[in-house]
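Student: Just passing along the structure, written as structure tokens.
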Amino acid sequence: MENRKSKILFVFRSYNHLPTFRKSVRLLADRGHEVSVLFHGGLTDNTLEEIRQFEGNPDNITYDWTMPSQRGGTFVFHSREVLNYRKHLLKAGGLQFYAERWRGYLHPKLQKIFAWRIARELVKTGLAGWFLKLIERLTPPQSDVLSHLRNLNPDIVAVTPLNQRYSSMELEYLKAAVTLGVPSVLLMGSWDHITSKGIYHIVPDVSLIWNEEQVQEMWEHHRIPRDNLRIVGAPTLDHWLDFDDPTPREIFCKNYRLRPDDSIIMYCCSSNVIIGSETASVTELRKILDESADERLKRTQIIFRPHPKNFKIYEKLQLPGVTVIPRGDVLYGKLEGQRIFYDTLMHSSLVFGINTSAMLDAMLLGKPVIALYKDQYTATQVEMYHFNSLLHMGAIEFAKTPDEIRKAILDIFEGRDVRKEKRERFIRDFIRPRGIKISANEVIADEIEDILKSSKHSLLF
């Protein structure tokens, strides 16, 4: 896409958010734009030198820290968190998981206040919402952020994720951009950010979202209209477009002491927000297979994949018939880690789990998914908006009893993939709405250039 060369600023909550949008950043730099990338240092484990070394200092891209936050413990900090809590109270109905989780993020004194029903009812009123939002409107951006933005002089500011707890610096840079009249863009990094996180205290000019379902979510949860939205697909799953053939099965199995002639099930763990430890669940799955009358199920091997943010508790896990891959740091966002994930998915017959975004990865690579359902998981499965998308579209199998689990697995082993058509429709509608082979990151880069081209904003100092 032809466009004048511009200064583009990306502001990420932490370095962990860059991998999802790395391709967009590099594409825009390759097209000749001057790209600056900022991270909130207080939320990033890596040093700036480590980041620059890993990213390779490509032409036209600079990496640096944001200004440090000055909001911690301030009145506006707490008002933002109460607004986030209020959002989930208003949407809760009979589903209390999100509201209760966010109440736990509040200051202990506020937690005690909102333990009272009358306080919860009062904060849900329109007057309370108006007052809390007024605090945001009357609070100017951090002065050092304004100065930093003036010095960088970007033509556009792109931020993510913007609405997580203890609001980080991408919110302050967006606030400064809006104040200075700089065009702004929100990048949507996950399938649940719209529904399960907080509100958007400052609304950008354009939000680049995944699909039509998120169009509805943006209106229902944030009152952001369609005119402010553009559908790009799921950038977090773009990396699979770069993979072709997996490591040969014989070599893969030899590397991990698996039997190449026997089936493999991949158990993908959820984050610790969903469930603390899944040792009991994978132990139960192993027992269900071992007690089967079918020899194929007895010989089925389980690959147990820890969640990237909850891997340490499994570093010493040892279970017969269960292989932990990878053991230790899962190398999130790095090519080696993605290759391990790709190989384990491709050599597995199906994916098993409770509620994890790895189910999306599995479906995109053509793998059936079985979700273990138990009453104790209700709050973290059927009461979660994003997981309900999978259920309503019929893209995954839901199994509760040992017999249901064994039958679902055997159906897949014997070629009765009853969810295949609905799974493929889910991929087309939810993950790749712009085209099954179209990179969402390429669409994001195109959309940013289109916004730059059509924008009449300019910084005048």
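Student: Only helices (runs of 4 or more DSSP H) wholly contained in the range 391-461 count here; list those with 2 or more residues that are free of Cβ contacts under 8 Å to residues at least 12 places away in the same chain.
Tutor: Once the helices (runs of 4 or more DSSP H) in the range 391-461 are filtered for at least 2 residues that are free of Cβ contacts under 8 Å to residues at least 12 places away in the same chain, what remains is 402-413, 420-426.
Student: Among (1) in a helix (DSSP H, G or I); (2) in contact with a Lys or Arg (Cβ under 8 Å, 6 or more places away or on another chain); (3) at pLDDT 95 or above, where does Gly233 come up short?
Tutor: Of (1) in a helix (DSSP H, G or I); (2) in contact with a Lys or Arg (Cβ under 8 Å, 6 or more places away or on another chain); (3) at pLDDT 95 or above, only one is false for Gly233: (1).
Student: Another question, then. For the range 390-418, give me each residue that is over 24 Å from the mean Cα position of the chain (by Cα) and not hydrophobic (A, V, I, L, M, F, W, C).
Tutor: Within the range 390-418, Lys400, Thr401, Pro402, Asp403, Glu404, Arg406, Lys407, Asp411, Glu414, Gly415, Arg416, Asp417 meet the criteria.
Student: What is the residue count in the range 34-55 for residues that are under 14 Å from Ile448 (Cβ atoms) and in contact (Cβ under 8 Å) with a residue 60 or more places away in the chain?
Tutor: Result for the range 34-55: 1.
Student: Hey, among the residues in the range 1-52 that are of a type in the set (Lys, Arg) and touching a Leu at 6+ places or on another chain (Cβ under 9 Å), which one's modelled with the lowest pLDDT?
Tutor: Among those residues, the one meeting the criterion is Arg4.
Student: Are there any pairs with C-beta distances below 9 angstrom linking a residue in the range 194-214 that is more than 21 Å from Thr236 (Cα to Cα) to a residue that is of a type in the set (Gly, Ala, Ser) and surrounded by fewer than 21 Cβ atoms within 10 Å (Cβ to Cβ), with the two at least 6 apart or on different chains, and if so which?
Tutor: Sorted first by the residue in the range 194-214, then by its partner, the pairs are Asp205/Ser455.
Student: Restrict the check to the range 9-23 and report whether at least one residue is touching a Pro at 6+ places or on another chain (Cβ under 7 Å) and of a type in the set (S, T, N, Q).
Tutor: So far as the range 9-23 goes, yes, one or more of its residues are touching a Pro at 6+ places or on another chain (Cβ under 7 Å) and of a type in the set (S, T, N, Q).
Student: Anything in the range 326-357 that is within 26 Å of Asp45 (Cβ to Cβ), of a type in the set (A, V, I, L, M, F, W, C), at pLDDT 90 or above and touching a helix residue (DSSP H, G or I) at 6+ places or on another chain (Cβ under 8 Å)? List them, or say none.
Tutor: Within the range 326-357, just Phe341 meets the criteria.
Student: If you check Ser143, Ser190, Ser168, Ser184, which single one turns out to be in contact with a His (Cβ under 8 Å, 6 or more places away or on another chain), under 22 Å from Ser14 (Cα atoms) and among the small types (Gly, Ala, Ser)?
Tutor: Ser168
Student: For the range 1-113, list the helices (runs of 4 or more DSSP H) that sit wholly inside it and hold at least 3 residues that are surrounded by fewer than 20 Cβ atoms within 10 Å (Cβ to Cβ) and not assigned by TED's automatic domain parsing to the domain that holds Asp446; which are they?
Tutor: Here the list reads 75-92, 97-103, 108-113.
Student: If you don't mind, there's one more thing I want to ask. Pairs needed: first member in the range 305-325, within 21 Å of Asn16 (Cβ to Cβ); second member anywhere, at pLDDT below 80 and among the hydrophobic types (A, V, I, L, M, F, W, C); C-beta distance under 6 Å; at least 6 residues apart or different chains.
Tutor: Taking only residues 6 or more apart or on different chains, the pairs are Pro308/Val330; Phe311/Val330.
Student: Among what's in the range 149-163 and is buried (at least 20 other Cβ atoms within 10 Å of the Cβ) and outside any strand (DSSP E or B), pick the residue that is nearest to the chain's Cα centre (by Cα).
Tutor: Here is the first cut: in the range 149-163, the ones buried (at least 20 other Cβ atoms within 10 Å of the Cβ) are 149, 154-163.
Cutting the leftovers down to outside any strand (DSSP E or B) gives us 149, 154-155, 161-163.
Numbers: Leu149: 27, Pro154: 27, Asp155: 27, Pro161: 9, Leu162: 12, Asn163: 12 Å.
Checked the range 149-163; the qualifying residue nearest to the chain's Cα centre (by Cα) is Pro161.
Student: Considering only the range 118-148, how many residues are in contact with a Leu (Cβ under 6 Å, 6 or more places away or on another chain) and either closer than 17 Å to Lys7 by Cα or in a loop (DSSP other than H, G, I, E, B) (or both)?
Tutor: 1
Student: OK, next. Specify the residue that is nearest to Ser24 (Cα to Cα); the eligible residues are those in the range 173-197 that are modelled with pLDDT under 95 and crowded, with 24+ Cβ neighbours inside 10 Å.
Tutor: Trp191
Student: Got a sec? Which of Ala119, Ala128 is among the hydrophobic types (A, V, I, L, M, F, W, C), without any contact (Cβ under 8 Å) to a residue 24 or more places away in the chain and either surrounded by 16 or more Cβ atoms within 10 Å (Cβ to Cβ) or under 25 Å from Thr195 (Cβ atoms) (or both)?
Tutor: Ala119
The values are calculated or read from the model by the stated rules, or taken from the named source; none is laboratory data. None of the values given here were measured: they were computed from a predicted structure. Note that each Cβ is placed from the backbone with ideal geometry, even for glycine, and that neighbours are counted across all protein chains shown.
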